[in-house]
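Taking it in order: structure first as structure tokens, then the write-up.
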Amino acid sequence: MEFTVNQLAGILSGQVKGDGSEKITMLGKIQDAKKGQISFLSNPKYEQFIYTTQASAVIVSKDFVPRKELSTTLILVDDPYSSFTRLLEEYHKMVSFQKSGAEEPSFIGTNTVIGKGYYRGAFSYIGHNVKIGDNVKIYPHAYVGDNVVIGNDTIIHSGVKLYADTRIGNNCVIHAGTVIGSDGFGFAPQEDGSYKTIPQLGAVIIEDNVAIGANTVVDCATLFGDATTIRKGVKLDNLIQIAHNVEVGQNTVIAAQSGISGSTKIGENCLFAGQVGIAGHLTIANNTSIGAQAGIPKSIKEPGQKLIGYPAIDLGNYFRSYVVFKQLPEMLSRLRELENKVQRSEGKSISVDQ
């Protein structure tokens, strides 16, 4: 890409202070950026670098007042971090959406409709009765099953598997190795100790603006007509398991190696750190934050809680309890001293469990 500082300022609704005609071809970190790159300053601890950076332009807050002379052009905005993120998004779109047309060999089924600006990579498979919107990019070795629907401006990366009847919204990104619509974990125990497979006949619905990391799995619902649902704006990291009939509320973020058991309903704007485990058939209230490796065995009904541990408890209570836990060896030593004193003074035998 190549833009002038003035053009980028227009995209960000920012004000230029310096040479707006400077050419920008790349983004960079403020401490490493070179001429032709643009960076940003959001955290005050990095302010020292704005006086030495070689970046052609730096995005800063409107209330930034330099303490030394600057050699770079400034773009003044309300939120430098969000503005730089927007530029990253625009750059990513330019890179991701530059491919077009169909590479061979690839397969496309009957009664399938694909919008304009598409890309189909080599060895990709698109089944029958599929509906694909405009500017959709399907990378090599991706599989799109029968009756799948994919909205506009969505990217399906290499090796993604979309089972039949899956519905993907607009502006979604699904990264390599992810599987959408595989069978839920349904097995009925039999009298002889074996298990009988319960057919999984439902679908998966992924709404608009969802991002799903690599090697994540979203299982289909159990019954025909039902769906495992990922609401708009959800961001799922790599290596996440979403079981059958789960619903993840809009704008919820879930980090890697977390697992959501079947039929659990996750609220809106929740935040789950890595390796969080949620039991099945639960309800998690809106705006719930759950710390890394926490386990949730029962529903969370009050919105806005911050929890950690197993079973998860309030964040503040957890750390207060942890302070006591660390003191247990010292407390045991003091208890033994008291035991010995009592034994000497009373001549009695008192036992303390180790």
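Please tell me if K265 is in the same structural domain as D219 (by TED's automatic domain parsing), over 19 Å from the mean Cα position of the chain (by Cα) and of a type in the set (D, E, K, R). So that I can check it myself, show each step before the final result.
Numbers: in the same structural domain as D219 (by TED's automatic domain parsing): yes; over 19 Å from the mean Cα position of the chain (by Cα): no; of a type in the set (D, E, K, R): yes.
No; evaluated as a whole, the condition is false for this residue.
For (1) out of contact with any Asp or Glu (no Cβ under 8 Å at 6 or more places or on another chain); (2) touching a residue at least 60 places away in the same chain (Cβ under 8 Å); (3) outside any strand (DSSP E or B); (4) of a type in the set (K, R), each residue gets a yes or a no:
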position	(1), (2), (3), (4)
S83	yes, yes, yes, no
Y91	yes, yes, yes, no
K99	yes, no, yes, yes
E104	yes, no, yes, no
H128	no, no, yes, no
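Residues in segment 1-26 that are among the polar types (S, T, N, Q) and assigned to a loop (DSSP other than H, G, I, E, B): S13, S21, T25. Checking the conditions here, which among L332, L307 is of a type in the set (A, V, I, L, M), assigned by TED's automatic domain parsing to the domain that holds A221 and not in a loop (DSSP other than H, G, I, E, B)? That would be L307, the only listed residue that is of a type in the set (A, V, I, L, M), assigned by TED's automatic domain parsing to the domain that holds A221 and not in a loop (DSSP other than H, G, I, E, B). Here no strands (runs of 3 or more DSSP E) wholly within segment 132-243 include at least 2 residues being charged (D, E, K, R), surrounded by 23 or more Cβ atoms within 10 Å (Cβ to Cβ) and modelled with pLDDT under 95.
Summed over segment 244-272, residues that are within 16 Å of G309 (Cα to Cα) and either at pLDDT below 95 or in a strand (DSSP E or B) (or both) total 3. Listed conditions (1) more than 30 Å from the chain's Cα centre (by Cα); (2) outside the structural domain of H128 (by TED's automatic domain parsing); (3) of a type outside the set (V, I, T) are all met by N111, apart from (2). Among the criteria (1) of a type in the set (S, T, Y); (2) closer than 24 Å to N209 by Cα; (3) out of contact with any Phe, Trp or Tyr (no Cβ under 9 Å at 6 or more places or on another chain), the one Y143 does not fulfil is (3). In this entry, A122 is excluded by the filter for residues that are modelled with pLDDT under 95, loosely packed, with under 15 Cβ neighbours inside 10 Å and at negative phi.
Do the conditions hold for S42, that is, is it assigned to a helix (DSSP H, G or I), within 29 Å of the chain's Cα centre (by Cα), hydroxyl-bearing (S, T, Y) and not assigned by TED's automatic domain parsing to the domain that holds I156?
Values: assigned to a helix (DSSP H, G or I): no; within 29 Å of the chain's Cα centre (by Cα): yes; hydroxyl-bearing (S, T, Y): yes; not assigned by TED's automatic domain parsing to the domain that holds I156: yes.
For S42, the condition - assigned to a helix (DSSP H, G or I), within 29 Å of the chain's Cα centre (by Cα), hydroxyl-bearing (S, T, Y) and not assigned by TED's automatic domain parsing to the domain that holds I156 - is not met.
Can you name every residue in segment 280-298 that is at pLDDT 95 or above, part of a loop (DSSP other than H, G, I, E, B) and either within 15 Å of T228 (Cα to Cα) or in contact with a strand residue (DSSP E or B) (Cβ under 8 Å, 6 or more places away or on another chain) (or both)? Within segment 280-298, G280, H281, L282, A285, T288 qualify.
The values are calculated or read from the model by the stated rules, or taken from the named source; none is laboratory data. No experiment lies behind these values; they were computed from the predicted model shown. We place every Cβ from the backbone using ideal geometry, glycine too, and count neighbours over all the protein chains shown.
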